[in-house]
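See structure below.
The values are calculated or read from the model by the stated rules, or taken from the named source; none is laboratory data. Quick caveat: nothing in here was measured; it's all calculated off a predicted structure. No Cβ is skipped: glycine too gets one built from the backbone with ideal geometry, and neighbour counts run over all protein chains shown.
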Amino acid sequence: MLYDLHELQRAFLSPLSRFTDSGSLLFSHPYSPLAYTPVSRHIAAAYELAHRLGKEYEKPEWQLDHTLIDGNEAAVRVRIAFQKPFCNLVHFERELPPARAADPRVLLVAPLSGHHATLLRDTVRALLPNHDIYVTDWVDARMVPQAHGPFHLNDYVYYVRDFLRWLGPDTHVISVCQPTVPVMAAVSLMAADNDPCQPRSMVMMGGPIDARESPTQVNRLATTKPYSWFEDTVIHRVPARYPGAGRKVYPGFLQHAGFVAMNPDRHMKSHYDFYRDLVRGDEDDAESHRRFYDEYNAVLDLPAEFYLDTIRVVFQEHQLPRKAWVVNGQTVDPAAITKPALFTIEGELDDISGLGQTRAALTLCSNIPEDRKQHYTAPNCGHYGIFSGRRWRQTICPKIAEFIRNA
């Protein structure tokens with residue numbers, strides 16, 4: 001019922017959003033006489049802010065059509081290399097110079113936690129010059145017909161394993177935030193089976209390997225509410241107008257409300273600063289705001305089974321660090337991993353995955369030789385800063401590139 005009410009609200013706001021968009025142009029376009037009135041900038045700014053607060057945000061494009069290789073611009077083509085019902089494996093095909101040696105092949109596992117995989121655009125951009133990149137591009141659950149069945153956390157583990165097997169030996173896997181847990185599980189099971197397609201290295205960034213360490217607001221919410229609360233409160237059925245009609249999901253609009261509720265003052269200030277930038281004519285800062293919220297406000301629905309499994313397995317029962325997680329009859333034991341090198345990365349100011357949660361992987365993988373383990377805590381760095389922004393580009397990405405080449 002809540003999802004249907006949300007769709008009704010969207011239908012109501014859609015004409016208003018189009019009106020405010022047109023109004024903003026009317027008071028800002030150089031060919032409009034209204035753009036030269038004394039208060040035109042204030043009116044145009046108010047209209048644009050109202051438009052952006054009320055519009056519906058679609059999945060953003062990757063916008064990565066070129067990169068620099070050895071100082072020269074090289075074309076990049078984004079294509080789907082491997083397709084599964086809930087995920088597309090996207091390959092960033094680079095136009096390489098003929099004599100250039102093959103770069104390390106990297107599987108970048110994006111989070112299935114509300115935002116689209118394009119949230120890792122800056123991650124991919126920095127890695128592209130020296131790596132052959134594949135990214136898990138998760139499908140919005142409301143677009144997956146019920147005929148494809150449910151999608152559990154264990155299915156996520158199998159997807160990662162299938163992608164690694166398809167890519168073959170010597171693949172390096174980088175997981176950002178939520179997927180550190182299923183990636184660890186997938187590699188643990190592959191190691192127990194002595195699978196020849198185990199990754200050559202694992203880079204785990206800001207993930208809840210052991211959510212008991214330095215609990216954050218996210219962790220506390222999952223532990224202060226019973227499992228039944230999540231099942232009864234945040235799970236809804238997809239409305240009839242979508243391909244996945246009737247599927248149970250954790251809707252993207254509820255996740256977005258949760259994201260905003262974590263830092264409401266910060267978002268209010270950001271929108272107010274955007275209005276002031278428009279009034280002042282500071283287009284660079286205004287465009288930076290647009291780019292961020294075009295990505296931040298674009299959310300997808302999560303399969304209910306996956307979301308509820310994650311609440312129980314990762315945040316309430318801590319099954320991975322307790323070695324109590326059983327996938328299809330096999331216990332997930334990271335101690336089985338011996339071949340891949342392991343690099344854990346945390347942000348000092350991370351308020352999503354607290355300090356020590358990702359580093360716990362080093363202890364769990366007790367049979368990886370110590371000289372093949374590495375850890376880095378990025379100083380003065382929050383959650384998003386470890387995979388996006390200046391610190392990522394200038395410090396963290398070079399460390400990962402060096403680690404991968406030495407693995």
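Quick notes on this one:
- Out of Ala186, Ala147, one residue alone is out of contact with any helix residue (DSSP H, G or I) (no Cβ under 8 Å at 6 or more places or on another chain) and part of a helix (DSSP H, G or I). It is Ala147.
- Screening Cys197 against (1) out of contact with any His (no Cβ under 7 Å at 6 or more places or on another chain); (2) hydrophobic (A, V, I, L, M, F, W, C); (3) surrounded by 22 or more Cβ atoms within 10 Å (Cβ to Cβ) leaves a single unmet condition, (3).
- Where a residue in the stretch 18-33 is not assigned by TED's automatic domain parsing to the domain that holds Ala46 and its partner, wherever it lies, is assigned to a helix (DSSP H, G or I), with Cβ under 7 Å and at least six apart: none
- Among the conditions (1) assigned to a helix (DSSP H, G or I); (2) in contact with a helix residue (DSSP H, G or I) (Cβ under 9 Å, 6 or more places away or on another chain), Val173 misses just one, which is (1).
- Filter pass, Leu112 being buried (at least 16 other Cβ atoms within 10 Å of the Cβ) and not in a helix (DSSP H, G or I): yes
- Selection over the stretch 372-401 of residues that are under 18 Å from Leu355 (Cβ atoms), polar (S, T, N, Q) and surrounded by fewer than 18 Cβ atoms within 10 Å (Cβ to Cβ) gives a count of 3.
- Leu362 under 24 Å from the mean Cα position of the chain (by Cα), within 21 Å of Ile400 (Cα to Cα) and modelled with pLDDT of 95 or more: yes
- Each residue in the stretch 322-352 was checked for being of a type in the set (Asp, Glu), under 20 Å from Ser366 (Cβ atoms) and surrounded by 23 or more Cβ atoms within 10 Å (Cβ to Cβ), and 1 of them qualify.
- Yes/no for Leu89 being of a type outside the set (S, T, N, Q), touching a residue at least 12 places away in the same chain (Cβ under 8 Å), surrounded by 14 or more Cβ atoms within 10 Å (Cβ to Cβ) and under 30 Å from Ser113 (Cβ atoms): yes
- Residue count, the stretch 5-31 (criterion: modelled with pLDDT under 70 and farther than 17 Å from Ala46 by Cα): 5
- Filter result (more than 19 Å from Cys197 (Cβ to Cβ) and without any contact (Cβ under 8 Å) to a residue 60 or more places away in the chain) within the stretch 120-138: Asp137
- For the condition surrounded by fewer than 19 Cβ atoms within 10 Å (Cβ to Cβ), at positive phi, small (Gly, Ala, Ser) and in a loop (DSSP other than H, G, I, E, B), Gly356 qualifies.
- Subset of the stretch 61-77 [part of a loop (DSSP other than H, G, I, E, B) and either crowded, with 18+ Cβ neighbours inside 10 Å or of a type in the set (A, V, I, L, M) (or both)]: Trp62, Leu64
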